[in-house]
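Okay, structure first, notes after.
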Amino acid sequence: MLIYGLCKDGVDGNSRSNSKPILGPLDTSHGMEIAQLLLSLLHSWGLDNDLDRVCQVKLGLLRPMVPISFGLLSKANQMSLFLPTWNSAILVDDDSIPDDLPSLEDKICNMYPELAKREHLTRIFTSHTHWELSTTLTSNHLLAIIALSHTLMSMSNATFVPEQERNRKLHRQSTRVNWSKTDEEHEEMYTQQQAQIKQGWSLLATLHCVLLPDKVVEAGAKNFKRPQVEMMAKRWQHHCVEVREAAQTLLLAELSRMGPKGRKALVDAWAQYLPLYTQTETINQQAVSSPGMNHVNSGQLQQSPETAEEEFEEEEEEQVRKPSSLSELKRKQSTAVILLGVIGAEFGQDITGVDNNKRRASEDRRKSSVVEGFGQGNNNLARLTAMALSHLLLAPPSPKLPAHIPLRRAAIDLIGRGFTVWAPFLDISKVLLGLLELCSDADRLVPSMTYGLPLTPQADSCRTARHALTLIATARPAAFITTMAKEVARYNAMQQNAQTLNINMSNNVLHKAKPEILRGVELLIDKMQNEMSDLLVELMDIILHCLDPSQLKNKGLQDVFPAVCRFNQVSHCPATRRIAVGSNAGTLTMYELRQGKCTTINAHGSPVTAAAFSPDGKFLVSYACGENKLCFWQTSTGMFGLGQSQTRCIKSYSTAPIADVARLNPMRLARLIWINNRTVTLMLADGSETRFNV
């Protein structure tokens, strides 16, 4: 986007301001100079006077002196320049200007008081007229200023005010040895100043992302050109992270502003371009077609949205214009997948007909070729969208669909965001394994993801897949754990026959992605401990698969993977190299690490509350508060034989019930602490302690 205009305070070479230039080669980098100039020209001056003062005083932006004209450049280097804002008659004839004011030219040249210039020039020419020109121009303008604002907000004390910039440099160079009280006060002032600056950038982004339409209408605009949702959808996973985040923020804000009826109309308009896939994830040769168009092979959907050239003329009709060529249809198919994926992921549950009086009409409409929307009223659209997103994730790389393109990343991101909507129509195992495959090289790619270096396409896909895995795990923790446990069991079965079948297990995704699986498990234990307590056996199966067996030879489970030791139902005996896990089903699962076996015994008639090995490993004690019972267990064959016939209960005790158990944290109902090799203390959540002897 091209911007033409002049700013005060030394930006214009002919400015007569006596103030010193704020920016110079010795003060800041050229990048900050460009950022100051761009933000000064992009900000919508005159819409919010309080924010304008913050931008000038706290952020150091420069208020334009004359109207600014904007233009667009296409990828073919074609330029379109909009020049409707310069109309001196408007200013001269404005009734609010005193009669004794000099002419416009004299006022600028003679540096007439700042108030007159700001109140009349900027307000009339730049407050709202610009936003009535073009939806494409509005979209590019908002993308630019929101991306820049978010970038500066993420920086430390990013301001263009020279005094604050000098303070920042002095603060960076100062040493923190032998600080005095004055130094502490300066540090507190610096922290407050930094918070005010970040708040200023946040307010600037909020104005243009959320408040702009209402502010522009208040300023007198009659035909505000809203940003194009299809343009934001194409940039949902832009290669530039800042532009990507700005596009996502803008699109979600615009969809929220539409309301349920507007989103449903958008779904109806774009659903006709959603490609069809078979259950085998091959492309159906009959694509959805609109009236007057021939059937087109939707298999050629896979084209990066960035290959489409930018057009100057936007679509003014409320309905999406029908494509006039095969290439345009492909672009619309790509946009439809992303746009419907966003609406389904973020707003899918509210785009459905729930009025009983309209239920019959809704059922009739669902029979037509135009789908109704997402939600319980119409699973067809959710199914088709889920299949399209799944195909983009799982399809092998090809010339038509390379491995690390924005379209794939968008599908990965939207699967994670809307997993609760897509889950009934997805093969969860394939989705999780596909995401883990992308994360398998995370250790090698982590430096560029941690230290803010430019992301390679592969690192970008890895980061997106990792985030999607996190969203899936936290949205459906039980589905994530049970699915991974089944895949681990399948992997172990294959490993036993690997030599016979001549299979290289080192290339299996469950082998390569062990660190990522552990990261997800640790995240769930940290954030959803109560949910994980219901799945401790499956959880331990996954953990033992991912841990290196040699680590548990000389170290305890507390040292190797401390997260799982938060559960009182889990106990590890380093002496005998055994792990015991109590389950909600009342069973005890014992893992023999030496032999790589596990055995389950029926221990209690209610969930196991706590379990612990004796220090010498000869005894295992378990407690279930549901039946108020404590049991001692011993293995009859020197602790090496496993199974119901070899591990037996040698003594049991009835215990006192826990008072008011319903109000207590289920994770802290009881603990078992061994005093010596034959005496254990039961510590209950109500504060009582009881000792039991074997």
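The values are calculated or read from the model by the stated rules, or taken from the named source; none is laboratory data. Bear in mind the structure is a predicted one, so any value in this text is a computation, not a measurement. Virtual Cβ from ideal backbone geometry, glycine too; neighbours counted across all protein chains shown. Accessible surface areas use protein heavy atoms only, side chains included; no ligands, DNA or RNA. Shrake-Rupley method; radii C 1.70, N 1.55, O 1.52, S 1.80 Å.
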Within the set of pairs 6+ apart or on separate chains, which have a first residue in segment 132-150 that is under 16 Å from Ile34 (Cα atoms), a second that is buried (at least 21 other Cβ atoms within 10 Å of the Cβ) and not hydrophobic (A, V, I, L, M, F, W, C), and C-beta atoms under 6 Å apart?
Ile145/His208; Ile146/His208
Are any of the residues in segment 225-235 of a type in the set (Gly, Ala, Ser), under 19 Å from the mean Cα position of the chain (by Cα) and in a helix (DSSP H, G or I)?
yes
So Lys198, is it open to solvent by less than 40 Å² (accessible area, probe 1.4 Å) and among the basic types (Lys, Arg):
no
Counted residues in segment 528-544 being in a helix (DSSP H, G or I) and crowded, with 16+ Cβ neighbours inside 10 Å come to 11
Suppose we filter Phe561, Phe480 for residues that are aromatic (Phe, Trp, Tyr) and farther than 26 Å from Glu346 by Cβ; which single one remains?
Phe561
Just to be sure I understand the filter: pairs with C-beta atoms under 8 Å, separated by 6 or more residues or on different chains, first member in segment 183-199 and over 19 Å from Ala158 (Cβ atoms) and modelled with pLDDT under 75, second member open to solvent by 60 Å² or more (accessible area, probe 1.4 Å) and in a helix (DSSP H, G or I). Which pairs pass?
none
Exactly one condition in (1) within 25 Å of Leu593 (Cβ to Cβ); (2) over 19 Å from the mean Cα position of the chain (by Cα); (3) open to solvent by 50 Å² or more (accessible area, probe 1.4 Å) is false for Leu547; which is it?
(3)
For segment 211-233, which residues satisfy the criterion of being at pLDDT 90 or above and open to solvent by 60 Å² or more (accessible area, probe 1.4 Å)?
Leu211, Arg226
Quick test of your reading of the structure: Thr126 fulfils all but one of (1) at pLDDT below 90; (2) of a type in the set (Val, Ile, Thr); (3) surrounded by fewer than 18 Cβ atoms within 10 Å (Cβ to Cβ). Name the failing condition by number.
(3)
Output the residue which, of all residues in segment 397-430 that are β-branched (Val, Ile, Thr) and part of a helix (DSSP H, G or I), is farthest from Glu487 (Cα to Cα).
Val421
Only one of Ala195, Ala265, Ala253, Ala219 is closer than 18 Å to Ile145 by Cα and among the hydrophobic types (A, V, I, L, M, F, W, C); which?
Ala253
If we ask which residues in segment 380-407 are touching a residue at least 60 places away in the same chain (Cβ under 8 Å), closer than 20 Å to Met232 by Cβ and either open to solvent by 10 Å² or more (accessible area, probe 1.4 Å) or of a type outside the set (S, T, N, Q) (or both), their number turns out to be 5
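Okay, residues lined up against (1) within 22 Å of Ser139 (Cα to Cα); (2) at pLDDT 50 or above; (3) open to solvent by less than 50 Å² (accessible area, probe 1.4 Å); (4) in a loop (DSSP other than H, G, I, E, B):
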| site | (1), (2), (3), (4) |
| --- | --- |
| Asp50 | no, yes, no, no |
| Arg53 | no, yes, no, no |
| Leu59 | no, yes, yes, yes |
| Val66 | no, yes, yes, yes |
| Asn77 | yes, yes, no, yes |
| Ser96 | no, no, no, yes |
| Asp100 | no, no, no, yes |
| Asp106 | no, no, no, no |
